[in-house]
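The values are calculated or read from the model by the stated rules, or taken from the named source; none is laboratory data. From a predicted model like this one, the values you see are computed outputs, not experimental measurements. Don't worry about glycine lacking a Cβ; one is built from the backbone with ideal geometry, like all the others, and counts go over all protein chains shown.
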Amino acid sequence: MPMRTQFLKTLLVFFASFFLNVSYAQTKADAEKIEKMKSKALQIVESKAKNIQEMVDMVFSFGELGFQEIETSKYLTDILEKNGFTIERNISGIPTAWMAKWGNGSPVIALGSDIDCIPKASQMPGTAYKSPIVDGAPGHGEGHNSGQSVIIFAAIAAKQIMEENKIPGTLVIWPGVAEELLASKAWYVRDGYFKNIDACIFTHVSSDFTSDYGDNGGNGILSVQFEFSGEAAHAAGAPWRGKSALDAVELMNVGWNYKREHLKPTQRSHYVIKDGGDQPNVVPSVASVWYFFRERTYDDIYKNYQAGIRIANGAAMMTDTKVTSKILGTAWPGHFNKPLAQAMYKNIQKVGMPKWTDDDEQLAIAVQKLLEAPEKDMIGNPIKGMNKRIDTIEGSVPFSWGGGSDDIADISWNLPTIVLRYPANIKGTKGHHWGDAIAMATPIAHKGSLAGAKATALTLVDIFTNPKIVADAKEYFVNVQTKDTKYKPFISASDTAPIYLNKETMDKFRDKMKPFYYQPEKYGTYLEQLGIHYPTLEKK
């Protein structure tokens, strides 16, 4: 009996060792196969460098404001259809919004990036002084012309790898319409377009190359327009018979500015008067003001919004006018997924920063001087020339004084989401400014977008070949991110996206801009088409 027991033990040790060795060999073989796929993905993206340059330049040349991205959406969806994607258009009742899908089964991975631009930001690229392409026209002073090239050509590479290796899964590509108005993504979420998606990779232009996780320190927002209605009268002949809607707007603004003293220092609020009347000798019967209320939490955003409503009602009471309000846009404060960010960051390190040339450096330094960039950024890093190092991955900020907003946050509170910041612009610019457009159709934007596409493609290969990444992402989403904070939408089922915004401006400028649309069949780059020597540092 002892001999039999010893024999069985020996047999068990043998089989355990055998299966461990087999398992190790299989794991090693799988890892080697995945690395080959990733190497192939890099080669595919690199082979699309010219396509990326063309897409960056083309969308730059369209220069379309939010909700009016007609040429941009047509151009992008045409390319996606030619590459085998099926397009659903007019999502959430937004004519320039769409979703492009390819593949079958799980996981379902969404890829998104914004496409709109900034008012009065038209600018000749590669030129380190103010030089509008069309004076007064909109332009890509945020760099949204570059992001779709990052996700589209990463997806095309992943699609080829999945087809060749018979890997199941679905790719979904979508545009951030009217991001500068914070006015589409909450509608996408409300209408169920992200309901059956497992994870989302979003991309945004930057001078950095990273993907952080947790609370990024940004503010959420409610965008609200207040419209006052009164009674017209002759402003000199019978002003006592009028009820000035403009007086109500001005009183609301005065009231809100007094309120600021008693708000948290994390808040940001700003307004523009959209309608102040017609002419001085007519008491304005209609006037409107557009507010952004920003704060760090849902509750504080809503509290400030309610304060704004009360002040508007008070202004209406003082002027004997009536007031209505409409939500035009919304975004939650952001929180992003740790396992997805870690997977992306490994691939960022693998890709590395682009190799900047002396020309790139000269343009960057000239732009920083032009825009009076500070010597250091907010965490003490020097601002001089192009960024040459990859930042360390960061988690939740311990505290934030508040800042900007992005409606990708609404998606991030509904499914695991990250933002890849890819290095396609110059450090130290002002943001939302014509100066931010200077680099956005130059080799800086082309190389940065190519690097972003490579990191995204590699991450897609990882996600589709390693189920643990999505599983870990969902575990973080459920047990960390949303454990104590649950998403509550600011918009209701009856709130419609304000698709009329910016139409008048684009109608004014579109025909003037059309002669400057990029013609890739005739010119190698947009710089070449415009006759710009790169870089042009001084005005001749």
Of the residues in the stretch 182-196, how many are crowded, with 21+ Cβ neighbours inside 10 Å and either part of a strand (DSSP E or B) or on the phi < 0 side of the Ramachandran plot (or both)?
8
Over the stretch 466-516, the set of residues aromatic (F, W, Y) and over 30 Å from A158 (Cβ atoms) is F490, Y500, F509, F516
Hits in the stretch 302-338 - residues which are farther than 15 Å from S285 by Cα and assigned to a strand (DSSP E or B)
S325, K326, I327, L328, G329, T330, A331, H335, F336
Of all residues in the stretch 401-412, which are out of contact with any Pro (no Cβ under 9 Å at 6 or more places or on another chain) and assigned to a loop (DSSP other than H, G, I, E, B)?
G403, G404, D406, D407
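Just to be sure, is S146 in contact with a Ser or Thr (Cβ under 6 Å, 6 or more places away or on another chain), surrounded by 21 or more Cβ atoms within 10 Å (Cβ to Cβ) and under 22 Å from M344 (Cα atoms)?
It is true that S146 is in contact with a Ser or Thr (Cβ under 6 Å, 6 or more places away or on another chain), surrounded by 21 or more Cβ atoms within 10 Å (Cβ to Cβ) and under 22 Å from M344 (Cα atoms).
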In the set V461, V419, the lone residue that is under 26 Å from L65 (Cβ atoms), surrounded by 24 or more Cβ atoms within 10 Å (Cβ to Cβ) and among the aliphatic types (A, V, I, L, M) is V419
Considering only residues that are aliphatic (A, V, I, L, M) and crowded, with 24+ Cβ neighbours inside 10 Å, which ones fall in the stretch 403-416?
I408, A409, I411
For the list (1) part of a helix (DSSP H, G or I); (2) of a type in the set (D, E, K, R); (3) modelled with pLDDT of 95 or more, I need the number of the one condition that K120 fails.
(1)
Can you find a residue in the stretch 421-440 that is β-branched (V, I, T), in the same structural domain as D116 (by TED's automatic domain parsing), closer than 23 Å to Q43 by Cα and not in a strand (DSSP E or B)?
no
Can you name the condition, by its number, that G169 falls short on among (1) more than 19 Å from P498 (Cβ to Cβ); (2) surrounded by fewer than 22 Cβ atoms within 10 Å (Cβ to Cβ); (3) within 22 Å of the chain's Cα centre (by Cα)?
(3)
Examine the stretch 436-451 for a residue that is buried (at least 24 other Cβ atoms within 10 Å of the Cβ), of a type in the set (A, V, I, L, M, F, W, C) and closer than 26 Å to W187 by Cβ, and state whether such a residue exists.
no
Read through the list (1) buried (at least 16 other Cβ atoms within 10 Å of the Cβ); (2) not in a helix (DSSP H, G or I); (3) not acidic (D, E), then give the number of the only condition that Q279 fails.
(1)
Would you mind stating whether I133 is in a loop (DSSP other than H, G, I, E, B), surrounded by fewer than 17 Cβ atoms within 10 Å (Cβ to Cβ) and in contact with a Ser or Thr (Cβ under 7 Å, 6 or more places away or on another chain)?
no
Selected residue (only one of Y517, Y476, Y523, Y534 is within 26 Å of the chain's Cα centre (by Cα), over 30 Å from T417 (Cβ atoms) and surrounded by 14 or more Cβ atoms within 10 Å (Cβ to Cβ)):
Y517
What residue, among those in the stretch 486-502 that are loosely packed, with under 13 Cβ neighbours inside 10 Å and either more than 24 Å from the chain's Cα centre (by Cα) or not hydroxyl-bearing (S, T, Y) (or both), is farthest from N90 (Cα to Cα)?
K486
